[in-house]
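K.L.:
Quick one: structure below, then a few questions.
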Amino acid sequence: MALTQSTMLALGTIVPDFELPDVVSGEMIGPGQFAGQQGLLVMFICRHCPYVVHVQEELGRLGRDCAGKSLGVVAISSNDVDNYPDDHPDRLRAMARELEFTFPYCYDENQAVARAFTAACTPDFFLFDKTRKLVYRGQLDDSRPGNGKPVTGKDLRAAIDAVLAEKPVSQDQRPSAGCNIKWK
C-alpha cells in the first residue's frame, strides 16, 4: 500500500464541469443535475484500494444519511482498468449494489475528470457549497487501515453539516490519504 495524499485543491475553486456514466443506471451524471442543492460532494473512490475498502461501509452510510437532504453526492472511479480490472465498471456496479450506494457511481474512462479535480488518491473528497465553490477537500476522518482509529467520517460530516446549515466550513483541513489514482 503506497500512501498518497490528496493535492488539496485551492478552496474557492469552482466545481469542474463533467458528464460521466453512472455504472448502475447508465445515466449521464454531471454537476448540473444537482442544481438547487445546498452542496455537492464528489468522491474519488475505487473497488480495489485498501484505503477505500477500509471506509466503504461509512461511505454507504454517509450516502444514506444524506439522502433526502439538500446535498448532491456522486462517486467517481478513474483508475486504469486494463491494469486494475477489479475497478472495471461491472465490478464497480457490483460494489455499489453490495454497499447499497444511494448516489451515482461514475466511471471516468479517460481520466479527464480526475485531472480536472487534481484528484490524487482514493479516497479523495471534494465538497462544494451552493454557489459550487470548493469549501472542503481532505480526509474522511483520522482512520487508516491498521491504525486502530474508528471510521466515523467526522471531518467530512462536519463540513457537510456546515454546508447544509449555510455556515462557514472550518479552514483546518487535513489531506485525504490512500492509494494513488492508477493513471494510464
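No value in this document is a laboratory result; all are computed from the given coordinates. Everything quoted here is computed from the prediction, not taken from an experiment. No Cβ is skipped: glycine too gets one built from the backbone with ideal geometry, and neighbour counts run over all protein chains shown.
K.L.:
Could you give the radius of gyration (one decimal) and Dmax (whole number) of the Cα atoms in the stretch 1-150, in Å?
P.N.:
Gyration radius and largest Cα-Cα distance of the stretch 1-150: 14.3, 40 Å.
K.L.:
GNM, the chain, Cα, under 10 Å: largest mean-square fluctuation among Y51, Y136, Y84?
P.N.:
Sorting by GNM fluctuation, first place goes to Y84.
K.L.:
Here's another thing I want to ask about it. Taking amide H positions as placed in the peptide plane 1.01 Å from N, state which residues far from T102 in sequence (5 or more) or on other chains have amide H under 5 Å from it.
P.N.:
HN-HN under 5 Å from T102: R64.
K.L.:
Only bridges whose two residues both fall in the stretch 31-180 count here: according to DSSP, what percent of them are antiparallel, nearest 5?
P.N.:
Details: 11 of 20 bridges.
So the antiparallel bridges amount to about 55 percent of the total.
K.L.:
With +1 on the Cβ of every Lys and Arg and -1 on the Cβ of every Asp and Glu, and nothing else charged, how large is the dipole of the stretch 51-184 about its Cα centre, in debye rounded to the nearest 20?
P.N.:
Around 360 debye, computed over the stretch 51-184.
K.L.:
In the chain, which cysteines lack any other cysteine Cβ under 4.7 Å from their own?
P.N.:
C46, C66, C106, C121
K.L.:
Could I ask something else about it? Using the Karplus equation 6.51 cos²θ - 1.76 cosθ + 1.60 (θ = phi - 60°), what ³J(HN,Hα) coupling, rounded to whole Hz, does each residue of the stretch 62-71 give in order, writing x for Gly and Pro?
P.N.:
3J(HN,Hα) across the stretch 62-71, in whole Hz: 4, x, 5, 5, 8, 4, x, 9, 7, 9.
K.L.:
Of A75, A114, A35, which has the largest mean-square fluctuation in a 10 Å C-alpha GNM of the chain?
P.N.:
A35
K.L.:
Which semi-axes, in whole Å and largest first, does the equivalent ellipsoid of the stretch 89-171 have when worked out from the alpha carbon gyration tensor as the square roots of 5 times its eigenvalues?
P.N.:
Each semi-axis is √(5λ); the values are 23, 19, 14 Å.
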